[in-house]
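This report concerns only the one structure given below.
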Amino acid sequence: MATKTETKRKNAGKNKAARDGDGNGNRRGANNGNLIAEKSVEAAITTSIDDAVDEKPQATAAAAAQAIEEVATASVNADGEMICQLETSLTRDQMLELYRYLKLTRLVEERLVNLYRQTKVVGGVFRSLGQEATAVGTAYALQQGDFIAPLIRDLGAVLVKGIRARDIFAQYMAKAWGPSGGRDLNIHFGDMTKGFIGPISHLGDMIPVMTGIALGARMQGKNLVAVAYIGDGGMSTGAFHEGLNFAAVQRLPLIIIAEHNWYAYSTPTSKQTAVKNLADKAAGYGIPGHIVDGNDVVACYETMKRVVEFARGGGGAAIIEAKTYRRKGHAEHDDQRYLPAGELEEWERKDPLDRFERHLISQKAATREEMDKIVADVEREIDEDVAWAESSPMPEPKQAAYNVFDNTIVPPALRPPVLGGE
Amino acid sequence: MSTETKKEKMAERPARGGRATFVEALRQGIWEEMERDPSVFIIGEDVGLYGGAFKVTDGLIDEFGEGRCVDTPISEAAIVGAACGAALMGMRPVAEFQFIDFISPGFDMLVNYAAKCRYRWGAGLPTVFRGPCGAGVHAGPFHSVNAESFFANTAGLKIVEPSTAYDAKGLIKAAIRDPDPVLYFEHKKLYRLPRLREEIPEDDYVVEIGKARVAREGRDLSIITFGAQVLNALDAAEELDREGVSVEVIDLRTIAPMDKSAIISSVKKTSKVLILHEASRTGGIGGEIAATIAEEAFEWLDAPVVRVAAIDTPVPYSPPLEEYHLPQIKDVVNAGRKLAAY
Ligand SMILES: Cc1ncc(C[n+]2csc(CCOP(=O)(O)OP(=O)(O)O)c2C)c(N)n1
Ligand SMILES: [Mg+2]
């Protein structure tokens, strides 16, 4: 029987192999070496999380929270509180812009909740509270021509990609001026000019689509990367597997952001997958897997930046697992009865926005006044955008019949008359 | 770190019979079948501790344990396939799709494996596949579908859709006891509708699969429908009655195999037929009903068969669009009026 230390060492090796995407030889060796060699926070987290969960059959959100804390003690402010990764290429202006996007995301969602309570939002509201850094940090590392397929908890990525908040408000309120004209909800739309492919509800379905984005781009000689966001739950779908496997064998630049927020509706990750880290799945596709602290916006940005370089440089597909936590229920109605006592509180302390604020202050990247000004600007923008969305009419009923097909070829599907009459 | 969850209270065993809503009746039915037969179990996403997105399976885990209340990954193909495998072993799975829209990743397993087992090698699969269907709650294109006609063209799948609390319980029991795969569709608007709260019997009754019911007797025309549209048909019938048109409403309850004789006998009685369903018109089950009537009761007809259904588009989100998409009571009244005057 293996001793505990031996087991640990074996696991560490396995995980390294997974990260290296080296399960089937060393075809990526050259490209990949620099990614793994860096003594990055992400690697430290992997090890630390392994340690935390070795005692237990399955990882838990609480163990992950502790592990992240242990690692992050490397970056603390004068009061010993967690801040963000220190090593960064981000300029001060970029940091402030990141801050603006984080705030925008959170405040747009808060406003949506208010509108929902006033019954102005017709469908459900899904929050990304506590996960904003993952969406914002990763999307911020992209170029204009790159494409994303976000999920419902990636509003931050949508905003970074240049979609205006007013479009989001109009969508939620089912208004005629919304980008889908009231046909679909929340972020279920797209904008090819901005590299935004809206999702459908069916989880996993966007992975093959993004593989196709990368395939089409390659055929056209475009050097772009395709990014698909997916949850710990959505990774259990067949579509996820087929899409990623295809991208991997084609060495297409598809980057999967695996948002490990520990729940899929009420189902904990331990019932979703038997691997400890979602990044471990990368080995099965022969691609590199990375783990990042999803509540550290700087780390999310830096890790993504390196993986984007790798993918754009011909390295092929990759998985980045962001360890984060869904602090709200699945949607507003969810009572979260399935949460272990205390878990929520533990992650509240790890709030990515508070953490980044502390970071900016401690690194003298921003003053409190500068941050307040950004928030005031964001709030003004939101007020204007909500007013605009509210001023939009509801769609004309008959619009329902249009655009199933190109109506210059097939007529709209208007309600047919009864017995030949009107 | 404690592993206790926020949920403290055990769910109470539901009453046997008594006044019940649609969802309460359905839950009673599953509960009683699990009590009666240890091979019955539930499987699906969030069906255990959470009790299902619409709380249909609430409390079952407290009573029957995790062993018989299986929370799955988000893997509908695995849900269907594993249900089939367990059924081969003599178990009786009741599988849930969180929304019927998500039956699509399980489509392959349903139409290729589940539907064809008995025919190919005599292995009947006593399986139930259930979940919330239907539109009218502004849930958009991916949480509103009516899926019956996707499956009606596949031999080997029974399809039922109740419209009352009594039938919800009687049909789920019949489905669980059935030796073959049954798709059991629950219109989500009905779950907690106060109008459907009714006294249901205490005894262990079933509603036979394949049998329609006359929801309202009438002389002048028949509305043939099922699911939530039964309520629209009854409301339209009420309105038409005030105009002197006597309407019969047939609630199919089972879509496959269809109760042709109930349809034909109503046609013989009224000689005018309006078919009403919530799925899109083209390729909808209404075409099949109309064809059956044309083949088997043509001489009894005094007017063309009329279909009222959703328009041929996805289900849109915004209320004015969705209202236009879906058949409304006024559309049924209008069609009924024209049909009566024909
Ligand atoms: C194929 C499919 N099955 C079921 C659902 C219903 N559903 C919507 S969200 C959800 C949980 C998603 O969890 P996860 O992928 O972890 O994302 P998170 O909500 O945590 O961001 C489920 C089961 C769905 N959207 N798609
Ligand atoms: Mg999740």
Looking only at the range A:236-270, count every residue that is within 10 Å of ligand 1 (Cβ to nearest atom) and within 21 Å of A:Gly315 (Cβ to Cβ) and tell me the total. 2
I want to confirm something. Restricting to the range A:62-85 and keeping residues that are modelled with pLDDT of 90 or more and not in a loop (DSSP other than H, G, I, E, B), which single residue is nearest to A:Gly294 (Cα to Cα)? A:Met82
Filter result (part of a helix (DSSP H, G or I) and either of a type outside the set (Lys, Arg) or in contact with a Leu (Cβ under 6 Å, 6 or more places away or on another chain) (or both)) within the range A:307-342: A:Val307, A:Val308, A:Glu309, A:Phe310, A:Ala311, A:Gly313, A:Gly314, A:Gly315
Of the residues in the range A:397-413, how many are facing chain B (nearest Cβ under 7 Å) and more than 21 Å from A:Gly178 (Cα to Cα)? 1
Is it true that some residue in the range A:382-396 is within 14 Å of chain B (Cβ to nearest Cβ), surrounded by 15 or more Cβ atoms within 10 Å (Cβ to Cβ) and among the hydrophobic types (A, V, I, L, M, F, W, C)? yes
Among A:Val113, A:Val122, which is hydrophobic (A, V, I, L, M, F, W, C), within 14 Å of another protein chain (Cβ to nearest Cβ) and either more than 16 Å from ligand 1 (Cβ to nearest atom) or free of Cβ contacts under 8 Å to residues at least 40 places away in the same chain (or both)? A:Val122
Can you tell me how many residues in the range B:281-333 are part of a helix (DSSP H, G or I) and not small (Gly, Ala, Ser)? 22
How about the range A:101-110: which of its residues are touching a residue at least 60 places away in the same chain (Cβ under 8 Å) and buried (at least 19 other Cβ atoms within 10 Å of the Cβ)? A:Leu102, A:Lys103, A:Leu104, A:Arg106, A:Val108
Identify the residue in the range A:279-307 that is under 17 Å from A:Ala133 (Cβ atoms) and of a type in the set (A, V, I, L, M) and, among all such residues, is nearest to the other protein chains (Cβ to nearest Cβ). A:Ile291
Determine the pairs where a residue that is in the same structural domain as B:Gly85 (by TED's automatic domain parsing), located within the range B:20-48, has a partner that is of a type in the set (Asp, Glu) and assigned to a strand (DSSP E or B) with Cβ atoms under 6 Å apart, the partner being 6 or more residues away or on another chain. B:Gly44/B:Glu96; B:Val47/B:Glu96; B:Gly48/B:Asp71
For a quick check of your reading: which helices (runs of 4 or more DSSP H) sit entirely within the range B:1-112 and have at least 1 residues that are within 11 Å of another protein chain (Cβ to nearest Cβ) and either at positive phi or among the acidic types (Asp, Glu) (or both)? B:76-88
Of residues in the range A:272-291 being within 11 Å of ligand 1 (Cβ to nearest atom) and over 18 Å from the mean Cα position of the chain (by Cα), the one surrounded by the most Cβ atoms within 10 Å (Cβ to Cβ): A:Gln272
Mind checking which residues of the range B:294-341 are at the interface with chain A (Cβ under 10 Å from one of its Cβ atoms), more than 24 Å from the chain's Cα centre (by Cα) and of a type in the set (D, E, K, R)? B:Arg337, B:Lys338
On the basis of being within 23 Å of B:Ala174 (Cβ to Cβ) and assigned to a loop (DSSP other than H, G, I, E, B), does B:Pro132 make the cut? no
Take the range A:308-344 and flag every residue that is within 14 Å of another protein chain (Cβ to nearest Cβ) and either aliphatic (A, V, I, L, M) or in contact with a His (Cβ under 8 Å, 6 or more places away or on another chain) (or both). A:Ala331, A:Leu339, A:Ala341, A:Leu344
Can you pull out the residues in the range B:252-278 that are farther than 18 Å from B:Val306 by Cβ and either assigned by TED's automatic domain parsing to the domain that holds B:Gly136 or not in a helix (DSSP H, G or I) (or both)? B:Arg253, B:Thr254, B:Ile255, B:Ala256, B:Pro257, B:Met258, B:Asp259
Condition test on B:Val128, is it buried (at least 24 other Cβ atoms within 10 Å of the Cβ) and more than 16 Å from ligand 1 (Cβ to nearest atom)? yes
So is A:Met206 out of contact with any Gly (no Cβ under 7 Å at 6 or more places or on another chain), away from every other protein chain (no Cβ under 11 Å) and within 12 Å of ligand 1 (Cβ to nearest atom) or not? yes
So for the range A:354-367 (the condition being over 30 Å from A:Phe246 (Cα atoms), of a type outside the set (S, T, N, Q) and either free of Cβ contacts under 8 Å to residues at least 40 places away in the same chain or within 14 Å of chain B (Cβ to nearest Cβ) (or both)), does at least one residue qualify? yes
Pick out, from the range A:192-303, the strands (runs of 3 or more DSSP E) lying fully within it that include 3 or more residues that are within 16 Å of ligand 2 (Cβ to nearest atom) and in contact with a strand residue (DSSP E or B) (Cβ under 8 Å, 6 or more places away or on another chain). A:226-231, A:254-260
Please state which of the following conditions A:Asn32 fails to meet, knowing it meets all the rest: (1) under 15 Å from A:Asn277 (Cβ atoms); (2) assigned to a helix (DSSP H, G or I); (3) at pLDDT below 50. (1)
Could you pull out the residue among A:Asp406, A:Asp377 that is modelled with pLDDT of 95 or more, of a type in the set (Asp, Glu) and assigned to a loop (DSSP other than H, G, I, E, B)? A:Asp406
How about the range A:127-154: which of its residues are of a type in the set (Gly, Ala, Ser) and part of a strand (DSSP E or B)? A:Ala149
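The values are calculated or read from the model by the stated rules, or taken from the named source; none is laboratory data. Computed from a prediction, not measured in an experiment: that's the story for all the values here. Here the Cβ is made from the backbone with ideal geometry for all residues, glycine too, and neighbour counts use every protein chain on show.
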